[in-house]
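The values are calculated or read from the model by the stated rules, or taken from the named source; none is laboratory data. Note that the structure is predicted; figures quoted are calculated from it, not measured. Positions of Cβ are backbone-derived with ideal geometry, glycine not excepted, and every protein chain shown enters the neighbour counts.
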Amino acid sequence: MGSLAIVPAAGAAERFGGAKLLASVGGDKLLERTIRALLDGGVDRVVVVLGPDAKDIRNGVPALEARGVRVATNRRPERGMLSSIQTGLREASGDPILVLPGDMPYVEPATVSALVREQAQRGGIVSPRFEGKRGHPVVIPGALKDEILAAGDGATLHDVLRAHASDRVDLDVYDRGVIRDVDVPSDLEPAP
């Protein structure tokens, strides 16, 4: 079956001022960097979940045409990030499932590889941890797909994962990117 990554990217980017996913990060589009980290980290399939008005993103991010990448549309992104994850999971299957928000372009491919290896060895849910803080991508067993899909409006992925806390491990990483999302333009500045 192979690994599957879901990239929720349907938010309105209001705090950023719009067009966040097309912002430049190291000469690439922000969303391009996020997708490439997953592909270069060895993920087999990536589903990027965009909002219904994402024509500029569809046309402006070459990685959306890469082998193994599929685009899905969340018709109601106002329901929150879990609704985008559910939209992506309806498009494809995989084991394990990685979740990496589209606005996290600083995650290193080596970190993605290490997390997938750790999950293959230990099973369960694996989260990266940088300096004591959990981040993304979180790696989830494919067996939890139906439970995630069944979560109702108002639920979050954290709510679903909390029910499996005893099956969750943290992998300490030296990659600040796992906790570094982009919310406002100043977040694009180099890491300290």
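Taking the listed residues 129, 90, 134, the one that is farther than 30 Å from residue 188 by Cα and at pLDDT 95 or above is 90, with no other qualifying.
Let's see how each residue does on (1) among the aliphatic types (A, V, I, L, M); (2) within 22 Å of residue 82 (Cα to Cα):
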site: 4; (1), (2): yes, yes
site: 15; (1), (2): no, yes
site: 23; (1), (2): yes, no
site: 30; (1), (2): yes, yes
site: 34; (1), (2): no, yes
site: 43; (1), (2): yes, yes
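The set of residues in segment 1-21 that are assigned to a loop (DSSP other than H, G, I, E, B), aliphatic (A, V, I, L, M) and crowded, with 22+ Cβ neighbours inside 10 Å contains only 10.
When residue 59 is tested against (1) polar (S, T, N, Q); (2) modelled with pLDDT under 90; (3) under 20 Å from residue 182 (Cα atoms), just one condition goes unmet, and that condition is (3). If the condition is being hydrophobic (A, V, I, L, M, F, W, C) and touching a Pro at 6+ places or on another chain (Cβ under 9 Å), then segment 121-156 contributes 125, 126, 138, 139, 140. Scanning segment 51-79 for residues that are among the hydrophobic types (A, V, I, L, M, F, W, C), over 16 Å from residue 89 (Cα atoms) and either without any contact (Cβ under 8 Å) to a residue 24 or more places away in the chain or touching a Ser or Thr at 6+ places or on another chain (Cβ under 9 Å) (or both) gives 54, 63. Comparison of 68, 42 shows that the only residue that is of a type outside the set (S, T, N, Q), under 17 Å from residue 2 (Cβ atoms) and touching an Asp or Glu at 6+ places or on another chain (Cβ under 9 Å) is 68. Counted as qualifying within segment 64-159 are the helices (runs of 4 or more DSSP H) with 2 or more residues that are under 29 Å from residue 25 (Cα atoms) and under 15 Å from the mean Cα position of the chain (by Cα), namely 81-91, 109-122. Looking only at segment 22-55, residues that are assigned to a strand (DSSP E or B), more than 13 Å from residue 9 (Cα to Cα) and at pLDDT 95 or above come to 1 in all. Of the residues making up segment 111-133, none is touching a Lys or Arg at 6+ places or on another chain (Cβ under 9 Å), farther than 25 Å from residue 169 by Cβ and buried (at least 21 other Cβ atoms within 10 Å of the Cβ).
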